[in-house]
1. Any idea how far the Cα center of the stretch 372-396 sits from the one of the stretch 79-130, in Å?
2. Distance from a point 7 Å along Cα→Cβ of VAL167 to each backbone N in the stretch 131-158: keep the residues under 14 Å and list them by number.
3. Classify the stretch 149-272 as rounded, prolate or oblate, taking a ≥ b ≥ c as the square roots of the eigenvalues of its Cα gyration tensor: rounded when a/c is under 1.5, otherwise prolate if a/b is larger than b/c and oblate if not.
4. Distance from a point 7 Å along Cα→Cβ of LYS151 to each backbone N in the stretch 91-118: keep the residues under 14 Å and list them by number.
5. May I ask you to derive the FRET efficiency for THR193 and ASN451 from their Cβ-Cβ distance with R0 = 30 Å, giving the value to the nearest 0.05?
6. For the chain, what does the helix formula give at 222 nm: sum of -39500 (n - 2.57) over DSSP H segments with n ≥ 4, over the residue count, nearest 500 deg cm²/dmol?
7. If you project the alpha carbons of the stretch 74-186 onto the principal axes, what extent comes out on each, in Å, largest first?
8. Under 30 Å Cα-Cα from LYS340, which lysines qualify once same-chain neighbours fewer than 8 residues away are excluded?
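What follows draws every value from the coordinates through simple rules; no lab data is involved. Being a predicted model, the structure only gives us computed values, none of them experimental. Using ideal geometry, Cβ is built from the backbone for each residue, glycine included, and neighbour counts are taken over all protein chains shown.
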Amino acid sequence: MARKTPNADVDLSEQFIVSCGSEWTSGILGCDGGYFTSTFNFIETYGSIPEACFPYTSGSSGYVPPCSQKCSNWQDLVINIDSWQTVASDITSMKNALITYGPLTVTMTVYDDFFDYNGGVYEHPGSDPDPINHMVSIVGYDDANNCWICKNSWGRSWGEDGWFRIVYGDCKIGESTAYLMYTDTSSTSVIVTIHRIKMLGEIESFLEGDADWSYRIQVYDGQNWIEEINDEYSDNEDDHTQDVSHTFNMFSSSAEITIKVWDRDFWTEEDLADVSGYVGGGADNDITDRRGAIYHGTYNLITNQIEPIDTIITEGAYATTSGTYAPDNSQNSNEENDAKVWFTVSDTYELPDPDLAVTGSLSGSAKMGTTQFHLGYFTVYNIGVDPYGFSEPLLDWEIATTPSWGTNWRFDPESDNDLPPGQPTTVNVYVDVPNQQQTYTGDIKIWNAENHADYATVPITLTAPMDQVVGSLHVLRHLLHRLFFF
C-alpha cells in the first residue's frame with residue numbers, strides 16, 4: 001500500500017483474487033498464474049475483501065476454491081483501491097518508489113531451489129532462463145548485503161518466518177513492479193494544496209530560461225514525518241499556477257507542515273528557493289535542507305486554522321509564504337533565490353457531536369397541596385465520543401417539557417452548558433402537589449439544546465392521598481356529633 005496511509009492495518013484476501021479473479025476475468029488463471037496487469041486491474045475494478053472473509057488456502061493446497069466460498073456478506077466488506085502505478089525496473093527507481101510509496105508488488109522467477117530456502121540472502125546459481133512465474137512484495141532493501149527484503153505468500157513455515165532476502169536483480173525480480181494507492185477512509189486527513197509558485201529573485205542564469213519548479217511537502221501526522229514530492233510542478237515558467245493537492249492521514253489534532261521549493265536545472269545543479277520569512281536564504285547548485293529557506297507552520301484540525309511558525313500573509317482564499325517576509329525581509333532576493341508560494345490547508349475532521357443520556361426515575365407520595373415537594377433526582381450524561389480522540393464533544397442541555405399536572409416545577413439545575421463526557425450532572429426535581437387525591441404519572445423531557453432530536457425522558461409517579469390535616473378535622477367533627485346526640 002502507498003504510504004498515504006502508513007499506519008493502516010489492512011490484511012486483504014489473496015484468495016479473493018485467485019478464486020474470483022479467475023472466474024470474473026480472463027487474465028487471472030488461478031494457481032496457473034496470471035498476467036501482472038490483469039491482477040491490478042481486477043483489484044482496481046472490484047476492490048478486495050478482508051483476509052478473514054476468504055482465507056488463503058491455495059498456496060498450501062494447490063486447489064482453487066470457488067468464488068462462492070467467500071463470506072456471505074462480502075459485498076459489505078469490499079475495500080476499494082484508489083489506483084495502481086508501475087515503477088521502472090532499475091534499482092534506483094525501485095528504491096525511490098519504496099521510500100516514497102511503501103511496499104512494492106513485483107514479479108520474479110521461482111526455481112526449484114527457492115522452495116527449499118530457509119534463510120540468508122538468496123541467489124539462484126547460474127543464469128535465469130525461465131520465464132516469470134511468481135509475485136511477491138518488496139518491503140525494504142539492504143545495500144550492505146546488496147539485496148531486497150521481501151514478503152512471500154507461502155506461510156510462516158517457509159523462509160525467514162515467511163520473508164526472504166534476494167540479491168538485487170536475481171531471478172528477474174522487479175522486472176514488473178507496481179504499487180497500490182489506498183486511502184484509509186476510517187481515519188481523518190489534512191489536505192495541503194499548492195496553488196501557485198512565483199520567482200521573486202533571479203534563481204536562473206541567463207542561459208537557463210525560466211524556472212522549473214519542484215517542491216516537497218512534509219507533514220508530521222502525530223507519529224511520523226510523511227512527505228510527498230512533486231518533481232514536475234512546472235517547466236520553464238517563473239510564475240506557475242496549478243492546484244495540486246496532497247492528502248496526509250492524521251493521528252493528532254495538530255499537523256506540523258513544511259514546504260520546500262527548488263528549481264530543476266538541466267545544465268547545472270538544482271537551486272534551492274527561499275520561501276520562508278525565517279532568516280536565511282536559498283542556494284545555487286545545492287538543495288540541501290536549509291531552515292531559512294523552508295516554510296514551517298502548524299495546522300489545527302479543531303479550529304481549522306494555520307498557526308504560523310514562519311510568517312504567512314493571507315491573500316484572498318490563500319495563505320502565502322515568501323523569502324521576503326519578516327523577519328528575513330530580504331533585500332537581496334537574487335542572492336537568496338527568493339520565491340513566493342500560495343497554498344491552502346484543509347482537513348476532513350468533523351467535530352464530534354455530543355450525545356445526551358439520562359438515568360433515573362421519580363416517584364413519591366405527598367399530601368395534596370404540598371408546595372415544592374422533592375420528587376427525587378435524575379442524572380444527565382454526555383456519552384458523545386470522538387473516534388479520533390482529538391477533542392471532547394460538549395453538551396448543552398435543558399428541560400424541554402413537564403407533565404401538565406402540578407405547578408411550579410423546579411429543577412436544580414434546570415440546564416447546563418458545555419457538559420463534557422465523564423462528568424454527569426445530578427438534577428433535583430421539586431413540584432407543588434395538585435389539590436386532588438390521585439396517582440399522577442407522566443414524563444419529564446430533557447433535550448440537547450442544539451439538537452432537539454437528541455432527547456431523553458424521565459418517568460414520574462406521584463401519589464397524592466387525602467390531606468392528613470383535613471382528615472383529622474373530619475374525625476373530630478364526627479366525635480363531637482356523637483357526643484352531642486348520645
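1. 55
2. Backbone N within reach: 145-148.
3. Oblate.
4. Output list for this probe position: 102-106.
5. 0.40
6. -3000 deg cm²/dmol
7. Reported extents, whole Å, longest axis first: 46, 31, 27.
8. Within the straight-line limit of under 30 Å, LYS340 reaches these lysines: LYS4, LYS198, LYS260.
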